[in-house]
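Undergrad: Pasting in a structure now, in C-alpha cells, and then I'll have a few things to ask.
The values are calculated or read from the model by the stated rules, or taken from the named source; none is laboratory data. These numbers come from a predicted model, not from an experiment. Cβ coordinates were reconstructed from backbone atoms using ideal geometry, including for glycine residues, and neighbour counts include every protein chain displayed.
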Amino acid sequence: MTRRNPSTTGRGGGREDKAAQLLSAFRNAFGEANPEDVLIARAPGRVNLIGDHTDYHEGFVLPMTIDRCAYVALRARDDDTAILYATQFGERITCPLSQPPATRPGAWTAYVSGVVNELRERLPGGFEMLVDGDVPVGAGLSSSAALSTAVVYALDQLFGLEIDPIDAARLSQQVEHRYAGVSCGIMDPFVSRLGRRGHALLLDCRSLSCEHVPLPQTPASGAALEIVVADSGVRRKLADSGYNARRRECERALEIIQRSRPGVRSLRDAAAGDLPLLPPLARRRVRHVLEENRRVLHARDALRQKDYEAFGALMNESHESLRDRYEVSCAELDAMAAAARNVEGVLGSRMTGGGFGGCTVHLARPSAAAALRRALCESCAKTHGRPPAIYIVRENHRTERL
Ligand code: GLA
C-alpha cells in the first residue's frame, strides 16, 4: 500500500499537541466536533530486540514498543453507520455496521474493517473514526498491529466493552490471519497492547505470561546506551514473503518429530535429540527455534543484570541464526548488521521482525552514534543506493488515551 498524503500527525510535540492535531484532522474529515465527544487513542509499533520466528512456535520473544504509533479519533453516532477515514491514504469509507467494507490483504481497511467485523455484535451503534499514524508501513515495525490495537482499544474505551488486554491482542492476531492473509504470531499486538514505558517485554507465547524488563536508560535520561533502529527501505509484504512458507516448513518438521514423540505440541517442545530425525533444511529451521528460545531467556537475564555486552553478543548470534538457519534475512540487512558490528562501541546488531527486508536494530554506546550512522549509510549506499532511515528509540510509548 502506498501513502498518498503525508501523515497529518508529524512527530515532535507532546501529547496535547498530538491530541489537538488529531482533533483538528477529525474536524476536517467529519465537521464540527465537541472535544468531549471525540475519544483519541494511540497504540505503538514495536521493535523486537531478540527472539524472531519463535512466537508462532509458542516460544519466547523480547520486544519493546517504540515512540511511533497508530492513532485513532472516534465519535459515536446515533445510527448504525460506520464512517472510516484514513488520513495517510486520503481514503474515506461509509458503510452500515452490519456490512463492513470488503478488504484487500495489506490495505489499511483490512485491519480497521477486520476489527469492526469481529466486534460488530458488541457495538451499540455506529461511529466516525479517523485513523492516522507514523509507524513506517512495511518496515517490520508493526504498523499493522499498532493500527488494529489502536482501533480495538478506541472502540473498547468509547463503548465500554471491557475487553481484556490479552483478548485484545488475540483479536488483533485473528484479524491478521482472517483479513490480511498473514499467519503471524501474537508478539506484535501483545507488546503494542501490553508494553510499558522504559521496559522491554519478555513474552512466553505459550502461556501468554509476560515480564516487563527495565531497558538501559537512554542517553536522554542521563546514561548508558542507545537503541538504534535502521530501516533499510527494502520492502516486502509479509503475506507474499517467505513468512508463511517458513511456517509450513516448520509444520512438516513438527509432524516428523511427533511421529516419534507424540507429546510434542509445538517446536517449543523440540529438543536437540530430535534434530537427527530431520532432513537437513528442517534441521536448520528447528535448530534456530531451539537456540533462539534459549538466547531470549539469556538476553532477559543479561538485561536484568545490566550486562549489555552479553546482551549484544546474543543479538549478534541471533542475526547469524536468522541468516543461516532460518534464512529470513537478505543481503541488505546482512551488510548493515556486519557494517555496524565493525564500529567501536556497537554492542549488538541484528535484523528484527519477520525479515526479508525492513529494519535492523543495534545496541550502541552514545559515543558510537555518529560512526554507526556513517557505517549504516555506506552499507546501504553499496547494496541498494539509498540511505537508511535511522531512528533512535528515546522513549517507548504504550497504548493509551490522549
Ligand atoms: C512478524 C510477525 C510476528 C513474528 C515476527 C518474527 O513480525 O507478525 O508475529 O512472527 O514476524 O519474529
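Undergrad: Which residues, counting only those in the range 30-43, are over 26 Å from the mean Cα position of the chain (by Cα) and closer than 13 Å to residue 127 by Cβ?
TA: Of everything in the range 30-43, those that are over 26 Å from the mean Cα position of the chain (by Cα) and closer than 13 Å to residue 127 by Cβ turn out to be 30, 33, 37, 38.
Undergrad: Would you check which residues across the range 166-181 are surrounded by fewer than 24 Cβ atoms within 10 Å (Cβ to Cβ) and either in contact with a Pro (Cβ under 6 Å, 6 or more places away or on another chain) or touching a residue at least 40 places away in the same chain (Cβ under 8 Å) (or both) and list them?
TA: Within the range 166-181, 166, 171, 173, 174, 178, 180, 181 meet the criteria.
Undergrad: Assess whether residue 204 counts as being out of contact with any Cys (no Cβ under 9 Å at 6 or more places or on another chain) and acidic (Asp, Glu). Step through it out loud before you land on a result.
TA: Working: out of contact with any Cys (no Cβ under 9 Å at 6 or more places or on another chain): no; acidic (Asp, Glu): yes.
Here the answer is no, as residue 204 does not meet what is asked.
Undergrad: Next question. Kindly provide the set of residues from the range 342-358 that are away from the ligand (no atom under 16 Å from the Cβ) and either under 13 Å from the mean Cα position of the chain (by Cα) or over 17 Å from residue 324 (Cα atoms) (or both), ordered by number.
TA: 342, 343, 344, 345, 346, 347, 348
Undergrad: OK, next. If you take the residues of the range 327-336 that are in contact (Cβ under 8 Å) with a residue 40 or more places away in the chain and under 17 Å from residue 140 (Cα atoms), which of them is nearest to the ligand (Cβ to nearest atom)?
TA: Looking at the filtered set, the residue picked out is 328.
Undergrad: A follow-up question, please. Got a sec? Which of 148, 183 is in a helix (DSSP H, G or I), within 16 Å of the ligand (Cβ to nearest atom), farther than 30 Å from residue 304 by Cα and small (Gly, Ala, Ser)? Break it down stepwise before answering.
TA: Numbers: 183 fails: in a helix (DSSP H, G or I).
Only one candidate passes the filter, namely 148.
Undergrad: Would you confirm whether or not the range 126-135 contains a residue that is within 24 Å of the chain's Cα centre (by Cα) and over 24 Å from residue 402 (Cα atoms)?
TA: Within the range 126-135, none of the residues are within 24 Å of the chain's Cα centre (by Cα) and over 24 Å from residue 402 (Cα atoms).
Undergrad: Checking residue 280 against (1) modelled with pLDDT of 95 or more; (2) within 29 Å of residue 144 (Cα to Cα), which single condition isn't satisfied?
TA: Of everything listed in (1) modelled with pLDDT of 95 or more; (2) within 29 Å of residue 144 (Cα to Cα), residue 280 misses just condition (2).
Undergrad: Also: Determine whether the range 304-319 contains at least one residue that is out of contact with any helix residue (DSSP H, G or I) (no Cβ under 8 Å at 6 or more places or on another chain), without any contact (Cβ under 8 Å) to a residue 24 or more places away in the chain, of a type outside the set (Lys, Arg) and within 16 Å of the ligand (Cβ to nearest atom).
TA: No, every residue in the range 304-319 fails to be out of contact with any helix residue (DSSP H, G or I) (no Cβ under 8 Å at 6 or more places or on another chain), without any contact (Cβ under 8 Å) to a residue 24 or more places away in the chain, of a type outside the set (Lys, Arg) and within 16 Å of the ligand (Cβ to nearest atom).
Undergrad: Given the conditions (1) surrounded by fewer than 18 Cβ atoms within 10 Å (Cβ to Cβ); (2) under 24 Å from residue 45 (Cα atoms); (3) out of contact with any strand residue (DSSP E or B) (no Cβ under 9 Å at 6 or more places or on another chain), which single one is not true for residue 354?
TA: (1)
Undergrad: So, one more: So, in the range 122-145, of the ones that are without any contact (Cβ under 8 Å) to a residue 60 or more places away in the chain and farther than 20 Å from residue 234 by Cα, which residue ends up nearest to the ligand (Cβ to nearest atom)?
TA: Filtering the range 122-145 for residues without any contact (Cβ under 8 Å) to a residue 60 or more places away in the chain gives 122-127, 129, 144.
After this cut, where a residue has to be farther than 20 Å from residue 234 by Cα as well, the list is 122-127, 129.
Details: 122: 25, 123: 26, 124: 32, 125: 32, 126: 31, 127: 27, 129: 24 Å.
For the range 122-145, the residue satisfying everything is 129.
Undergrad: Next up: I'm trying to understand the selection: among the residues of the range 24-56, which are under 24 Å from residue 290 (Cβ atoms), more than 9 Å from the ligand (Cβ to nearest atom) and in contact with an Asp or Glu (Cβ under 9 Å, 6 or more places away or on another chain)?
TA: Listed by number, the list holds a single entry, 50.
Undergrad: Here's something else I'd like to know. I'd like the residue in the range 96-112 that is within 16 Å of residue 131 (Cα to Cα) and among the small types (Gly, Ala, Ser) and, out of all such residues, is modelled with the lowest pLDDT.
TA: 106
Undergrad: Given the conditions (1) modelled with pLDDT of 95 or more; (2) of a type outside the set (S, T, N, Q); (3) buried (at least 16 other Cβ atoms within 10 Å of the Cβ), which single one is not true for residue 252?
TA: Among (1) modelled with pLDDT of 95 or more; (2) of a type outside the set (S, T, N, Q); (3) buried (at least 16 other Cβ atoms within 10 Å of the Cβ), residue 252 violates only (3).
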